[in-house]
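> Take a look at this one; I'll ask things after.
The values are calculated or read from the model by the stated rules, or taken from the named source; none is laboratory data. These numbers come from a predicted model, not from an experiment. Methodologically, a virtual Cβ is constructed for each residue, glycine included, from the backbone with ideal geometry; neighbour enumeration extends over all protein chains shown.
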Amino acid sequence: MGKYRLAVISGDGIGPEVVAEAVKVLKKVGETYHHEFEFREVLMGGAAYDACGTCFPEETLEICKQSDSVILGAVGGPKWDSLPGDERPEKALLKIRSGLGLYANLRPAIMHRALSEACPIKQEIIGDSFDIMVVRELTGGIYFGDRGYRTGRYGEEAFDTESYSEFEIRRIARIAYDTAMARKKKLVSVDKANVLESSRLWRKIVTEMNAEYPEVEVSHMYVDNAAMQLVRNPGQFDVIVTSNMFGDILSDEASMITGSIGMLPSASLGEGAFGMYEPIHGSAPDIAGQNKANPIAAILSMAMLLRYSFGLKEEADAVERAVTEVLEAGYRTADIAKAGETATGTKEMGARIVDRI
Ligand code: NAD
């Protein structure tokens, strides 16, 4: 029996709706497998701005640091879009990732057999199913590099800088190699080494580290080719490792080919067992408060939490199995339902998954 403390950031829009279902799933796991989960709700994003005038209260980071891991819904929405860049909810996301030292983002893109009709790619291309893990560097590269404005020859110029240290590349590559070892042992490192110096260092270090993981078959792909291969033959990929910006784009592309953004979880990891777990989707203001959101991405994020931070494999498998069973039984939220099919609401979908754990 384990005892685990979790900081819960429900956030904005559909965040609180999907997190509520994820928390119910963890409570059921606790009852079934005799673990104790303690939840502490903390504010971030628009909800925090409305309550205390900042999207990232200091207390939030402190409570997260005192917890064993963090559960996040989603933040942001039109209500806060006019705030200055540095005060916006989305900036709080960058701050919490770097404040908690979460430098690796793991995003599985799995197409469930039961949902193959929701995939926008022809069946003969994708086959029965695919299962890709994108490992994205999260606290370096162009999103964190030097930036600014200057006056150039042709007037005002803006610049952003892509920069990676050997240390940053090594630690993300290690997570990718370890992830590949636990899967099919195939790693594709994505870069733009034909143009970028930072990519050439990236490629050199990933190649060198292969000596420590001789069982892993590693290959390199330019990002433009990777974007194409993902829609041409997604089944060729097992684990992909890439930089912050390339990973941002490719993981969204990988999620789209699975059929729905409402299905995909993510984990952000640093040193040790601590992690932050969240669905990949945003706050979906267009459907917020209507019991329409798909809670499966948030629920599968709990399976990742159990697996990666708490080492509870059996419990993680039970959550994933419950999701598969509910889909195979034909339940669909509106985002994955076929035209004319009756959609299951957020709460009912959550309850049906809980029942099967
Ligand atoms: P979004 O992911 O919120 O929504 C895109 C589309 O997908 C919408 O049509 C939405 O209804 C649908 N959708 C998303 N999640 C769904 C779910 N669980 N079930 C059913 N349908 C779902 O992306 P967006 O519209 O670009 O962004 C909305 C807000 O969320 C913005 O303020 C954005 O900055 C923010 N955002 C936050 C995060 C985060 O907190 N990690 C991530 C992305 C976007």
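> What are the pairs, 6+ residues apart or on separate chains, where a residue within the stretch 219-243 that is over 17 Å from A176 (Cα atoms) and at pLDDT below 95 has its Cβ under 7 Å from a residue that is crowded, with 23+ Cβ neighbours inside 10 Å and of a type in the set (V, I, T)?
Close Cβ pairs (under 7 Å, with a partner that is crowded, with 23+ Cβ neighbours inside 10 Å and of a type in the set (V, I, T)) amount to P234/I132.
> If L187 satisfies all but one of (1) assigned to a loop (DSSP other than H, G, I, E, B); (2) in contact (Cβ under 8 Å) with a residue 40 or more places away in the chain; (3) farther than 22 Å from L94 by Cβ, what's the number of the condition it fails?
(1)
> Determine whether I125 is within 30 Å of A180 (Cβ to Cβ), more than 14 Å from the ligand (Cβ to nearest atom) and either assigned to a loop (DSSP other than H, G, I, E, B) or among the polar types (S, T, N, Q) (or both).
no
> Continuing with this model, one more query. Look at the stretch 52-82 and say how many of its residues are in contact with a Gly (Cβ under 9 Å, 6 or more places away or on another chain), near the ligand (Cβ under 9 Å from one of its atoms) and in a loop (DSSP other than H, G, I, E, B).
Here the count works out to 3.
> Can you find a residue that is within 13 Å of the ligand (Cβ to nearest atom) and in contact with an Asp or Glu (Cβ under 8 Å, 6 or more places away or on another chain) anywhere in the stretch 138-160?
no
> Pairs, please: C-beta under 6 Å, at least 6 apart or cross-chain, first residue in contact (Cβ under 8 Å) with a residue 12 or more places away in the chain and in the stretch 276-305, second more than 8 Å from the ligand (Cβ to nearest atom) and among the aromatic types (F, W, Y)?
Note: pairs meeting the criteria are S301/Y277; M304/Y277; L305/Y277.
> Taking the stretch 146-167 only, how many residues are within 11 Å of N244 (Cα to Cα) and in contact with a strand residue (DSSP E or B) (Cβ under 9 Å, 6 or more places away or on another chain)?
The number of residues fulfilling the criteria is 1.
> Quick one: what pairs do we get from the stretch 4-26, first residue more than 19 Å from C55 (Cα to Cα) and more than 11 Å from the ligand (Cβ to nearest atom), second basic (K, R) and not in a helix (DSSP H, G or I), C-beta under 9 Å, 6+ apart or different chains?
That search, which allows pairs on different chains as well, returns R5/R40; L6/R40.
> Then there's this: Tally up the residues in the stretch 170-191 that are within 21 Å of M245 (Cα to Cα) and surrounded by fewer than 19 Cβ atoms within 10 Å (Cβ to Cβ), please.
Of the residues in the stretch 170-191, 3 are within 21 Å of M245 (Cα to Cα) and surrounded by fewer than 19 Cβ atoms within 10 Å (Cβ to Cβ).
> For the stretch 313-337, name all the residues that are within 15 Å of the ligand (Cβ to nearest atom) and of a type outside the set (A, V, I, L, M).
Y331, R332, T333, D335
> Residue check, D355 against (1) closer than 25 Å to A267 by Cβ; (2) away from the ligand (no atom under 16 Å from the Cβ), all met but one. Which one?
Of everything listed in (1) closer than 25 Å to A267 by Cβ; (2) away from the ligand (no atom under 16 Å from the Cβ), D355 misses just condition (1).
> Which of the residues spanning the stretch 331-356 are free of Cβ contacts under 8 Å to residues at least 12 places away in the same chain and among the small types (G, A, S)?
A337, A339, G340
> Just need a number here: residues in the stretch 293-309 that are crowded, with 22+ Cβ neighbours inside 10 Å and either out of contact with any Asp or Glu (no Cβ under 8 Å at 6 or more places or on another chain) or in a helix (DSSP H, G or I) (or both).
Final tally of qualifying residues: 11.
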